[in-house]
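Notes follow the structure.
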Amino acid sequence: MLKLLATIASKPSGALGLGLTLFHLALAVLAPWIAPFDPTAQNADAILLAPNATHLMGTDTLGRDVFSRVVHGGRLAIAVTFTAAVIATLWGGFAGIFFGTVGGRVDEYSMRIVDAFLSMPWLLFLLLIISIGGAGPLTIIPNLGFFYGVAVLRVVRGAAMQVSARDFVTAAKARGEALWPILTREMFPNLSDILLVEGAMRWSWMLLAFSSLSFLGFGATPPTPDWGLMVAQERGLLSTAPWGVFWPCVALSSLIIGINLLADAVGKALGLDRATAVAV
Amino acid sequence: MKKPLLLTAAIAMASSAATAETLRIPHELGYGGSESIDPISPQRFYEAIQNVYSRLVRQGEDGRPSADLALEWSATPDAKEWTFKLRPGVTFHNGNAFTAEDVAFSLMRTQSETIDSPTKGVMEVIDHVEVVDELTAKVVLKQTHADFPLLVMDYRIKMLDAETCNGDLDALCESGIGTGPFQLVDYDPLGTTTLKRFGNYYGGTVGTENMELIAIADQDARVAALQAGQIDFIYALSAEQVPLFEGNPNFTVQSVPTGRWVGLVMNTQTEPFNDPRVRKAIRMSADRDALGKLVYGKDGYITSCDHPVWSGDQYRTEIDCARDIEGAKALLAEAGYAEGLTVELFVSDISEGAVKMAEVLQNQAKDAGIKIELVPAPSDGYWGDVWMKEAFFATGWSQRPADQILNEAYRSTAAWNETAWNSGDFDAKLDAARAELDFDKRKALYGELQKELWETGGSFIPVHLNTVRAFSSKLSGIEAVEDFSIRYEDVVKAGSGS
């Protein structure tokens, strides 16, 4: 692991990606100690103050400290999307390995179902589910995990088909090994690098998706400090008080860029080239 | 190359002239496209009905009724019979003459059980309408009502053509035929509804040739549209939106004290709000001045104590409703919530500041042990899907006189009784106030009703709003009056042919 990190950090883009990701994770964990104000504390005498020595990033329409809200703003999004990314990678990865190994009609029919899901406008579908089941992490996490897991499945299944054609898998089948040992002992170790990269990529996309949901009013609920929600609440003030929108955007973008650069660097360090991977 | 250039220039000039002749007003799409052109429909399309139809009387500069389709009115000494003398020579958009028959039809249909108009509860005071002659209508009331003309000043009590509506008192009339300054050309509440100047308007020449009512559901989108020159006018700017237009020579900003209010509603028949102690505890937890300042800016509001009678109304009663956290906690403990109370509040961007108000109350109420969980709801269709359906939700009302708003929102039989307020004693006092001919005694009765709402009602009305509107500097003739009293017929757009 240390060797992998060292390889990642040896390239500027990898170091930047790793640095940004670790910075945001640290910020999320240490937010209560870093933020100078309660992120939900309203102040009628400090509405829309421009950035100053007390409020480094200014204040919002309810007089709340934007810096404190930005520092706290990634906590929910990171927690929700990381959990969902793990779910997506686990179920999508396992199903992809299974179908890529089994092949045949089971694989053929299953992929048509996968194609059907991939053709869905997932954001609209997610909005429909949330409007029925209600907003909140308990609804959003399994749904993000499911929808993004479908894409993971597609990519991993392609890679699994290549691995399953290799000699050591053929030899294992010839030895009469059961399916489960083949999946876990032969296939999984040879696909774990792809799973890692896919998981990181989907995590960054989920962050964007969760922030989009919050922006639309279906993700985080007030007064939770959340980047997407902050942009939604302050978006009407871009020309008079842009700091309320600017800083959450910077925070969200830098985390997404960081994770993407990190995923790229991990892929390269493991000998995968995302540029030639199947885009889904 | 010359031809296409000339053609392009000609098209551009024609387009520019057409824009100059057209007043473009945003329409809030509050009923998600199911708006009705019938003024008494529960889904009334008020931006359209305001311009297509006229009232018997309208609000004058002093807030009292002034002449519109009725030139003068008088009452018998017991105020049970009101006679209206109508303006002669008025015609509907289809050429039919406006007569006392139309007055009788338009007033009596407000009581229809089938239509179930939100005006029904208020207008049920009418027993019948007698047509004395072509231009004289006598309204006979079931009971004395000293302020009856205030009721017909309502923005929905418009005069319809009885013939076009087939004289059917129990059916919606969606012909769009009125006597107003503009006549309907194209009805499309989901897109752009088009009106054109009515040549025979009794009020004289109408300032602009056309009016477009453009559906834009989101307030930020409306602001952007005004900035981009896609519309000419916008209602109800929030405190933080005002700086976008203030000081900009391309726009005029108007601030007007009004009786408009945005509030939160607790259904008094649903747990836990069926306990008046819970309702009052929530109200007592609010710091109204801080809330007003946070949500509407320091000049954007006047504090109120959970009754809908605004500061400019002759019947307003001042109440002390200072924040009392200990008192709120005590009431909650009495009601069985000593360990705290958690409630869900449904909010949407349906009226300016509604979501922010909910956020501020959420923050203030937690000091009293009340946890308010906000449930965001889409603004599209909010009035049909959430309002009066959930137990705790946001609302918004335009300005109405004391008698009308108290009857329309709190009489047990009213269609828009949003708090499900069911007090026979309250209804009896409403009747008593109407019957009282002595002003001071009448004022005292209305005062008791306001105090009762503060003590036990289901509304949270922390402030009444100053309305702030912005419009293109090309427009002139917009008086600093509340929204429903704007005379769009007097509005002129620079560059138009008028």
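Quick rundown of the values:
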| item | result |
| --- | --- |
| Cysteines (scope the protein assembly as shown) whose Cβ has no counterpart Cys Cβ under 4.7 Å | A:CYS249 |
| FRET efficiency for A:THR240 and B:GLN269, using Cβ-Cβ distance with R0 set to 41 Å, rounded to 0.05 | 0.40 |
| Net charge contributed by nearby residues that have their C-beta within less than 12 Å of B:VAL129 (K/R +1, D/E -1) | -3 |
| Per-residue mean of C-beta atoms belonging to partner chains within 10 Å, peptide B:280-291 | 1 |
| For B:ARG24, distant residues with modelled amide H under 5 Å away | B:GLU212, B:ASP232 |
| Per-residue average of Cβ from other chains inside 10 Å of A:232-245 | 3 |
| Spin-label pair B:GLU339/A:ARG185, simplified geometry with 7 Å Cα→Cβ offset, distance in nm | 5.4 |
| Charged-residue dipole, Cβ positions (Lys, Arg, Asp, Glu), chain B about Cα centre, Debye nearest 20 | 1140 |
| Cβ-defined net charge surrounding B:ALA97, 12 Å radius [Lys, Arg +1; Asp, Glu -1] | -4 |
| For the stretch B:310-372: rounded, prolate or oblate by the Cα gyration tensor [a/c cutoff 1.5] | oblate |
| DSSP H segments from chain A that extend 20 Å or more along their own axis, Cα-based, with Kyte-Doolittle mean of -0.5 or above | A:12-34, A:75-102, A:104-118, A:137-164, A:188-216, A:243-269 |
| Sequence of A:THR40, B:THR91 once ranked by neighbouring C-beta atoms within 10 Å, starting from the fewest | B:THR91, A:THR40 |
| Mean-position separation - Cα centroids, the stretch B:88-103 and the stretch B:303-339, in angstrom | 48 |
| Computed P(r) (all Cα pairs; the protein assembly as shown; 10 Å bins; percent) | 3, 12, 19, 20, 17, 13, 9, 5, 2, 1, 0 |
| Positive dipole terminus of chain A, leading residue within A:LEU76, A:LEU252, A:VAL266 (C-beta point charges) | A:VAL266 |
| Eligible aspartates and glutamates near B:LYS493 by straight Cα distance, threshold 15 Å, same-chain separation 8 or greater | B:GLU21, B:GLU209, B:GLU212, B:ASP232, B:GLU479 |
| Estimated FRET transfer efficiency when R0 is 45 angstrom, pair B:VAL132-B:SER255 (beta carbons, to 0.05) | 0.55 |
| Shape category assigned to chain B from the gyration tensor of Cα positions, a/c cut at 1.5 | oblate |
| Residue-averaged beta-carbon neighbours from other chains (10 angstrom radius) around B:89-102 | 0 |
| Sequence-separation-based contact order of the stretch A:79-205, relative, with Cα cut under 8 Å and 6+ spacing, percent | 44 |
| Most positive-pole-ward Cα, B:ASN166, A:PRO12, B:VAL256, against dipole of the protein assembly as shown from beta carbon charges | A:PRO12 |
| Lys/Arg +1, Asp/Glu -1 at C-beta; the stretch B:391-454 dipole; positive extreme among B:ASN417, B:PHE439, B:GLY396 | B:GLY396 |
| Fully extended contour minus Cα-Cα distance, from A:LEU138 to A:SER253, at 0.36 nm per residue | 38.9 nm |
| Sequence of A:VAL266, B:VAL309, B:VAL481 once ranked by neighbouring C-beta atoms within 10 Å, starting from the fewest | B:VAL481, A:VAL266, B:VAL309 |
| Sequence-distant lysines (8 or more away, or on other chains) whose Cα lies within less than 17 Å of B:LYS441 | B:LYS429, B:LYS451 |
| Reachable lysines, given that their alpha-carbon falls under 18 Å from the alpha-carbon of B:LYS85 and they are not under 8 places away in the same chain | B:LYS138, B:LYS158 |
| Rounded, prolate or oblate (a/c below 1.5 giving rounded, otherwise prolate when a/b exceeds b/c) for the stretch B:176-313 by Cα gyration tensor | prolate |
| Cβ-based exposure ranking for B:TYR235, A:TYR148, in which fewest neighbours within 10 Å come first | B:TYR235, A:TYR148 |
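Read the figures in this text as sums done on the coordinates, not as results from a lab. Source: prediction; values computed, not measured. Note that each Cβ is placed from the backbone with ideal geometry, even for glycine, and that neighbours are counted across all protein chains shown.
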